[in-house]
Amino acid sequence: MAIELKNIEHLRKAIDAISSFISEGNFRFSDDGIKFRAIDPSQIVLVNFSMDKKVFEKYSLEPTFVGVDMVELSKILSRSMPNDKLILNLSDSEMNLRLDGAMSRSFSLPLIDVSDNDVNLPTSNFDATIEINGRIFKEALKDASLFGSSVVLRVKGNELFIEARGSSGTLKIVAKQTKQVSVTCNAEVVSKYSLNFLQNVVKEADPNKKIKLELKSDAPMRVSYKIGSSPIEFHLAHMIL
């Protein structure tokens, strides 16, 4: 009873993104694949990730859920080499991972008790949707970090405004509708978010693909993109303007 994965990179990136916020959580292994959903201790970020069983070369596990230290799992996956294959299986007390390549390396992580209360995805009627090239958005957030620890996102018409303000200066970026930026807006939106959290949310997004931002004034934002073919979404709480 095990699963095998040749392209470890996509799983590694997903776990790296998740472990930026969530140190431990439950993996759910179902007949359809792997799912992970959790909220960070400060209740600022909710993460929802899934990996279809079709992504795996072999997928043979009984449906179950297990609690894992996400930081330690991230460290193990970071040790994978380009041609390694991941073989993962579960015992009653451990998650066993083997990286098979030029050498075979085996790691065991003890399973931990994590609250198995279901985390419900928030339902929200967003007023604006932006699809923006990953590299452009990441660079804009780097610009914002020159001046502030938070960022204000405004959407009006078919334009996205990214603003930051600090004692050393201010920044205002205007992103207009282009091939790299798509804006749909039903109502003008203004909302503020932690810059550090938002940068960590998008850090594993492919710079050559689109990140989807869904916004409403003074409300949590949904940020979603794909890592390989696997969808990951974050619900990021807003700050008081």
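Descriptive notes on the structure:
- Residues located in the range 70-121, provided they are closer than 19 Å to Ile34 by Cβ, assigned to a loop (DSSP other than H, G, I, E, B) and aliphatic (A, V, I, L, M): Leu111, Val114, Val119, Leu121
- Residues of the range 196-222 satisfying the condition of being farther than 12 Å from Phe137 by Cα and touching a helix residue (DSSP H, G or I) at 6+ places or on another chain (Cβ under 6 Å): Glu204
- When Asn89, Asn125 are screened for being more than 25 Å from Ala187 (Cβ to Cβ), polar (S, T, N, Q) and surrounded by fewer than 18 Cβ atoms within 10 Å (Cβ to Cβ), only Asn89 passes.
- Considering residues of the range 24-36 that are modelled with pLDDT of 95 or more and closer than 22 Å to Val202 by Cα only, the residue surrounded by the most Cβ atoms within 10 Å (Cβ to Cβ): Ile34
- Which listed residue is within 19 Å of Thr123 (Cα to Cα), surrounded by fewer than 19 Cβ atoms within 10 Å (Cβ to Cβ) and not small (Gly, Ala, Ser), from Pro207, Pro231: Pro231
- Identity of the residue in the range 1-57, basic (Lys, Arg) and not in a strand (DSSP E or B), that ends up nearest to His238 (Cα to Cα): Lys13
- Exactly one residue out of Ser42, Ser80, Ser50 is surrounded by 15 or more Cβ atoms within 10 Å (Cβ to Cβ), under 18 Å from Val119 (Cβ atoms), polar (S, T, N, Q) and not assigned by TED's automatic domain parsing to the domain that holds Ser150: that is Ser50.
The values are calculated or read from the model by the stated rules, or taken from the named source; none is laboratory data. Because the structure is predicted, anything quoted here is derived from the model rather than measured. Ideal geometry is used to build each Cβ from the backbone, glycine not excepted, and the neighbour counts take in all protein chains shown.
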